[in-house]
Amino acid sequence: MQPLQNLCKKFPGAVVKQFPKGHLMAAGALTVILASGLIFYPSDTPAVEAVSTVSTEPAFISLPAQDAPALLPVNSILDATLASTPFAITDISALPEQEQQAVVDENIRPKEFTIKSGDSLSIIFQRAGLGDGAIYELFNSSPDSKELRRIMPGQTIAFAISDDGKLEKLTYVKNELTSLEFSRTEKGFSSKKVEREPEIRTAFRHATINSSLFMAGKNAGMSNSMVMDLANIFAWDIDFAQDIRRGDQFKVMFEEKFIDGKKIGNGAILAVEFINQGKKHNAVRYTDREGYTNYYTPTGESMRKAFLRMPVDFARISSHFNLNRKHPVLHTIRAHKGTDYAAPRGTPIKAAGDGKIVHAAAKGGYGNTVIIQHGQGYQTLYAHMHNFARNIKSGSRVRQGDIIGYVGTTGLSTGPHLHYEFHVNGVPKNPLTIDLPKTVAIEKSEKQEFLSKTRMVVAQLDQYRTPTQLALADDTEPNIN
Ligand SMILES: [Zn+2]
């Protein structure tokens, strides 16, 4: 949709992109015609796609093929001014009988329009029987009206028009969940944002890993972002770059969002079980009394530790912490006080824990470097960054997992990688071998509430079996080596 933004800048009338060149030209020509005071319909009929709120039987107009950029005469929306325009093709007697009826019947006024490729706000207002004057009135009195400049195909705009042809109310439905309502008041228009709550249902997926975590997720019908969420839940317990084996399995219970019976997307993962090299890991989602949502083991231990195991996802360790290493550039024995993660240039680097940035600038051989102070004597350092993430500067606060910058090869470096150091009371330590502090488990006073709220979810996931799993239980398939 990005090109649309550019287009919108060029055409303030919010001409919607995504249509073939011929249509663009037709739409362009249309805009010109409209600007010169003539009003025509584009290819599609308002009567066909409009949801009429008029109780009388609507007389639909038969039109050419939807894609044909034919310019059709104005019918029911025609008012006296327009009728007198010399260029308007409104010789009613020349139209077939059905169309004549549509033209003369003032009651048939389409109220709701679905935006199509090539539509502009001006075109849609014309379809509703409103001129550019109504647009100016709306834009002059309501700051929220600028959102109407970003109309996209598939969205809808509904109009309520008074008997004397004045716009009383406009409803812009941006998506299934969000709409904007503009209502006439004594001083122009007021606006109101309306959010709908989707219906939440639960769903399950099961997968066995044959090649990669992402392929397994894909085969089970999961989106990449859900697989990523799953990996993040176990980020402290499973190293997804090194520990995954063929035959590992996972089951996940998650939310699906519905509006009017139609699925509009996925919600959060509620519970997940991951079997890695025969070891079962379980996690369940819980929002505590203070409103913080985290994942816990079924007994209430936090899945999250104070520090991430790795500050980059799915990266390969190219050089370990080693106080007697020969430096690859300087060729002398120089302690390697950190861990190197080889990753493509531009790979996001995450803050290993909550804290405050105390350095975000070039730092000699380290190149572009971020240092985070985490409190209790912990500091982490990220070197050779290609660049810093937005808003990352000395003094900024970061949360664990926030992106602070991107992998690069600035400073003394042989190729794109992250050099990561972990300091405890000023002394560099190996983050892979030291005992990292845990974040707090569920408080004792909240434990009963936690157990009663999560027990059912954990049990539901535990009992979930796919048809494949049931079949495999009786199967004599040999082990794959
Ligand atoms: Zn290094």
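Under 5 Å from the amide H of Thr347 lie the amide H atoms of Val407, each residue being 5 or more positions distant or on a separate chain, with H modelled from the backbone and absent for Pro and chain starts.
Could you give the alpha-carbon Rg of region 117-239 over 2.2 N^0.38 Å, rounded to two decimals?
Taking N as the residue count of region 117-239, the ratio is 1.65.
Taken as Cα centroids, region 375-391 and region 250-307 sit 29 Å apart, rounded to the nearest whole angstrom. With θ taken as phi - 60° and the Karplus curve 6.51 cos²θ - 1.76 cosθ + 1.60 applied, the whole-hertz 3J(HN,Hα) list for region 297-305 is 6, x, 8, x, 7, 5, 6, 8, 10 Hz, x standing for glycine and proline. Taking 0.36 nm per residue of separation and subtracting the Cα-Cα distance, full extension of the segment from Ala361 to Thr185 would add 58.0 nm.
Annotation: amide H-H contacts under 5 Å for Thr202 (H modelled 1.01 Å from N, sequence separation of 5 or more, or interchain): Glu256. For region 165-173, backbone phi angles converted through the Karplus equation (6.51, -1.76, 1.60; θ = phi - 60°) give residue-by-residue couplings of x, 9, 5, 9, 8, 10, 10, 9, 8 Hz, Gly and Pro being listed as x. Each residue was assigned an accessible area with a 1.4 Å probe, and for Glu112 the value is about 60 Å².
The ellipsoid equivalent to the alpha-carbon distribution of region 352-421 has semi-axes of 20, 12, 10 angstrom, derived from the gyration tensor eigenvalues as √(5λ) and listed largest first. In this label model, Ala335 and Gln463 are separated by 5.7 nm, measuring between points 7 Å along each Cα→Cβ vector.
For the residue pairs Lys111/Lys187; Lys337/Lys429; Lys146/Lys174, the alpha carbons lie more than 19 Å apart in Lys111/Lys187.
Counting only protein heavy atoms and using a 1.4 Å probe, what share of the accessible area of region 232-374 belongs to carbon plus sulfur, as a whole percent? Write down the numbers at each step before the final one.
Working: 3020 of 6550 Å².
Here it works out to 46 percent.
Computed over protein heavy atoms with a 1.4 Å probe, the accessible surface of region 169-235 works out to 53 Å² per residue. What net charge do the residues around Phe125 carry, taking every other residue with its C-beta under 12 Å from that of Phe125, with Lys and Arg at +1 and Asp and Glu at -1? After counting each charged neighbour, the total is -2. For the residue pairs Lys305/Lys444; Lys305/Lys447; Lys262/Lys350; Lys350/Lys453, the alpha carbons lie more than 24 Å apart in Lys262/Lys350; Lys350/Lys453.
Per residue, the solvent-accessible area of region 282-409 (1.4 Å probe, heavy atoms of protein chains only, all protein chains present) comes to 49 Å². Amide hydrogen proximity for Ile161: with H placed 1.01 Å from N in the peptide plane, the residues at 5 or more positions away or on another chain lying under 5 Å are Glu168.
The values are calculated or read from the model by the stated rules, or taken from the named source; none is laboratory data. Nothing here was measured: the structure is a model prediction, and the numbers come from that model. We place every Cβ from the backbone using ideal geometry, glycine too, and count neighbours over all the protein chains shown. For the accessible areas, the whole protein counts, side chains as well, though only heavy atoms, and no ligand, DNA or RNA atoms are used. Shrake-Rupley method; radii C 1.70, N 1.55, O 1.52, S 1.80 Å.
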